[in-house]
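Notes to accompany the following structure.
The values are calculated or read from the model by the stated rules, or taken from the named source; none is laboratory data. None of the values given here were measured: they were computed from a predicted structure. Heads up, the Cβs are rebuilt from the backbone with ideal geometry, glycines too, and the neighbour counts pull from every protein chain shown.
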Ligand code: NAD
Ligand code: UFG
């Protein structure tokens, strides 16, 4: 089977390419390299010993994507390409709505035109807003997103659901990721954000390598066991493996299916600091800061549906996530 991976040189996309190739799929990638580097293609090939076809294409320029569809017949598309920085989306909403929504509509038009109507879409736990139940099942109602990035995910879920409803040749899998961290065990693939990181693990790694003096912990007065925010951190390789299972689903049904991809475990900010220190023998100085606007207290998944229907569950524990993050950071930061 041949799979198109949009945004395949990015953090989650690159790990997914590795898992697909190792499971016998052919992989074609396009990316505009806005938030990733072309060298990632070589690294994927180095890890797997297999070739991928790479195209530099931008979803906002529909014609730049056309050669990808002209030259290949795809069994499914895994759609990672998008912008994802929460703070930037608040400052530049037009840029986010345009890129993520117009870009995805352009992609869907080409998929229709070339008769490939199966899409796995990167959604996010952010669509639950402040969740009405913990752990969060897929039945939990969607909530109010606190930023334009989150709204693009929520809106695209609706758009893809409507597209599938109108044309039953379409098959859609919406994957709601919880908090991906970690890196490939080779140390060749991982996440290295530009500038000062917004997310917890990239920030911790910058402190660990000595580029930033200390971690600011955003609030210690939440209604959680130690007062700091609780999240469901999932190893990026586990998340990538979930996409391989989702390919089987999207190619065997004509429906819209939604799955949480999380571990089902909630860890606080201070749990993560402690786990990182213990796993790697590196001290992470921190101080308590005010709450960050838009943050919720607790967010973790009930991953039962993915286990039952996709036959997938996360395997790596928090210690391993911290070790692999650090292994990558030491070589690449
Ligand atoms: P990433 O930024 O590393 O990868 C996204 C890729 O998309 C980048 O390589 C970027 O260059 C590319 N891209 C962006 N706009 C494009 C365009 N117009 N045309 C072509 N390529 C374009 O991000 P990631 O962490 O790998 O996330 C992948 C997907 O998963 C994104 O859609 C993201 O919103 C979603 N997601 C991520 C997280 C997370 O915490 N990392 C959580 C939930 C959902
Ligand atoms: N945190 C700190 N200090 C920091 C960074 C984060 O204390 O410097 C705390 C946050 O307050 C939160 C936790 O660490 O309690 C996790 O924060 P992240 O920014 O790493 O992740 P979020 O849960 O806020 O959001 C992430 C992505 C979203 C995505 C969501 C669910 O940024 O895009 O996970 O998948 F939607």
Does residue 265 satisfy the condition of being more than 27 Å from residue 218 (Cα to Cα), within 19 Å of the chain's Cα centre (by Cα), touching a residue at least 40 places away in the same chain (Cβ under 8 Å) and outside any helix (DSSP H, G or I)?
no
Do the conditions hold for residue 65, that is, is it part of a loop (DSSP other than H, G, I, E, B) and crowded, with 18+ Cβ neighbours inside 10 Å?
no
Criterion first (surrounded by fewer than 16 Cβ atoms within 10 Å (Cβ to Cβ), at pLDDT 95 or above, within 24 Å of residue 177 (Cα to Cα) and within 14 Å of ligand 1 (Cβ to nearest atom)) does residue 34 satisfy it?
yes
Restricting attention to region 200-222, does a residue exist that is under 26 Å from residue 295 (Cα atoms), within 16 Å of ligand 1 (Cβ to nearest atom) and free of Cβ contacts under 8 Å to residues at least 12 places away in the same chain?
yes
Quick check on my filter: what residues within region 71-80 are touching a helix residue (DSSP H, G or I) at 6+ places or on another chain (Cβ under 9 Å), more than 9 Å from ligand 1 (Cβ to nearest atom) and not in a strand (DSSP E or B)?
74, 75
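Conditions tested, residue by residue: (1) in a loop (DSSP other than H, G, I, E, B); (2) without any contact (Cβ under 8 Å) to a residue 40 or more places away in the chain.
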{"residue": "82", "(1), (2)": "yes, no"}
{"residue": "95", "(1), (2)": "no, yes"}
{"residue": "100", "(1), (2)": "no, no"}
{"residue": "116", "(1), (2)": "yes, no"}
{"residue": "121", "(1), (2)": "no, no"}
{"residue": "130", "(1), (2)": "yes, no"}
{"residue": "134", "(1), (2)": "yes, no"}
{"residue": "138", "(1), (2)": "yes, no"}
{"residue": "141", "(1), (2)": "yes, yes"}
Scan region 40-55 for residues that are closer than 16 Å to residue 7 by Cβ and either touching a residue at least 60 places away in the same chain (Cβ under 8 Å) or out of contact with any helix residue (DSSP H, G or I) (no Cβ under 7 Å at 6 or more places or on another chain) (or both) and jot them down.
40, 41, 43, 44, 53
Given (1) closer than 30 Å to residue 209 by Cα; (2) in contact (Cβ under 8 Å) with a residue 40 or more places away in the chain; (3) surrounded by fewer than 18 Cβ atoms within 10 Å (Cβ to Cβ); (4) touching a helix residue (DSSP H, G or I) at 6+ places or on another chain (Cβ under 7 Å), number of the condition residue 293 does not satisfy:
(4)
Residue check for residue 159: part of a helix (DSSP H, G or I) and at pLDDT 95 or above:
yes
Are any of the residues in region 202-222 over 14 Å from the mean Cα position of the chain (by Cα) and at positive phi?
yes
